[in-house]
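Chemist: I have a structure I would like to understand better, so I am pasting it below and will then ask my questions one at a time.
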Amino acid sequence: MKYKIAIVDDHTLFANALAGLVQKMETYEVMFEVGNGKELIHHFKLKMIPDVVLLDINMPEMDGYETALWLKNNHPEVKVLALSMFDKEEAIVGMLRNGAKGYLLKGCKPSELRTALDNIINKGFHYTEFVTDKLLKSLNPEKVKNPIKELGLNDRELEFVRHACTELTYNQIADLMCCSVRTVDGYREQVFYKMKVKTRTGVVVVAIKLGIVTL
């Protein structure tokens with residue numbers, strides 16, 4: 001028995017080369033090749049339903065995300081193996097969320113493709129170490145760093161920064177902080193140093209960028 005494969009990719013040369021590779025595998029055969037999701041749906045309506053769909057992401061008219069979701073909702077028995085140039089977390093997570101059972105980069109070796117097809121047929125999925133790493137990162141994003149701690153600002157310097165982002169003069173800031181102008185000058189020098197800026201405008205820009213103050 002040979003499992004039927006459908007190739008969905010708008011790059012004809014790549015699709016043809018991929019089809020030739022699959023045809024050499026004794027347990028698989030290419031059922032058809034199409035250039036986008038709409039063409040795939042047309043074949044399904046003609047009862048040409050494969051066991052596995054090798055699916056690209058970036059395609060005209062109906063891309064890989066839409067196509068994978070359509071298959072998930074209408075033919076969940078058909079396994080989807082995403083095959084793309086995109087190696088970003090968003091692409092991988094997006095395809096897996098929409099029903100893909102595996103994700104390969106187009107630069108993979110023929111043996112990796114064969115292993116992926118075997119795993120999808122026999123296990124129902126194929127997750128490489130690369131894909132697993134991307135998934136874990138998406139599920140456990142790095143904690144957002146506290147900009148105040150990162151800059152090393154103490155409470156008084158932070159208070160100065162917030163006053164500096166207003167139209168107050170340094171004398172007025174000194175009055176509000178109940179200290180001398182010389183002390184305020186000291187806060188200013190420390191803030192300039194820690195923020196790596198040379199002007200009060202620079203302080204405002206950095207403070208807004210890091211969310212220390214808001215407009």
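Chemist: Being modelled with pLDDT of 95 or more and either farther than 19 Å from Leu69 by Cα or in contact with a Pro (Cβ under 8 Å, 6 or more places away or on another chain) (or both) is the filter; apply it to region 1-14 and report the residue that is surrounded by the most Cβ atoms within 10 Å (Cβ to Cβ).
Modeler: Only one residue fits best here, namely Ile5.
Chemist: If I filter region 166-175 down to residues being within 46 Å of the chain's Cα centre (by Cα) and among the aliphatic types (A, V, I, L, M), which single residue comes out as nearest to Gly152 (Cα to Cα)?
Modeler: Top of the filtered list is Ile173.
Chemist: Continuing with this model, one more query. Somewhere in region 74-92, is a residue within 30 Å of Asp10 (Cβ to Cβ), of a type in the set (D, E, K, R), loosely packed, with under 13 Cβ neighbours inside 10 Å and modelled with pLDDT of 90 or more?
Modeler: yes
Chemist: Another question, then. Does Asn73 satisfy being under 21 Å from Arg114 (Cα atoms), polar (S, T, N, Q) and either assigned to a helix (DSSP H, G or I) or within 24 Å of the chain's Cα centre (by Cα) (or both)?
Modeler: Judged against the criteria, Asn73 is not a match.
Chemist: Kindly indicate the residue of region 120-137 that is exposed (fewer than 15 other Cβ atoms within 10 Å of the Cβ) and not charged (D, E, K, R) and also modelled with the lowest pLDDT among those meeting that condition.
Modeler: Within region 120-137, the match that is modelled with the lowest pLDDT is Leu136.
Chemist: Would you point out the residue of region 182-208, among those that are open to solvent by 60 Å² or more (accessible area, probe 1.4 Å) and outside any helix (DSSP H, G or I), that is nearest to Leu153 (Cα to Cα)?
Modeler: The qualifying residue nearest to Leu153 (Cα to Cα) is Lys196.
Chemist: Within region 95-118, count every residue that is surrounded by 18 or more Cβ atoms within 10 Å (Cβ to Cβ), part of a helix (DSSP H, G or I) and not small (Gly, Ala, Ser).
Modeler: Qualifying residue count, region 95-118: 4.
The values are calculated or read from the model by the stated rules, or taken from the named source; none is laboratory data. These figures come from a predicted structure and were not determined experimentally. All Cβ positions, glycine included, derive from the backbone under ideal geometry; neighbour counts span all protein chains shown. What goes into the accessible areas is simple: the full protein's heavy atoms, side chains included, and nothing from ligands, DNA or RNA. Shrake-Rupley method; radii C 1.70, N 1.55, O 1.52, S 1.80 Å.
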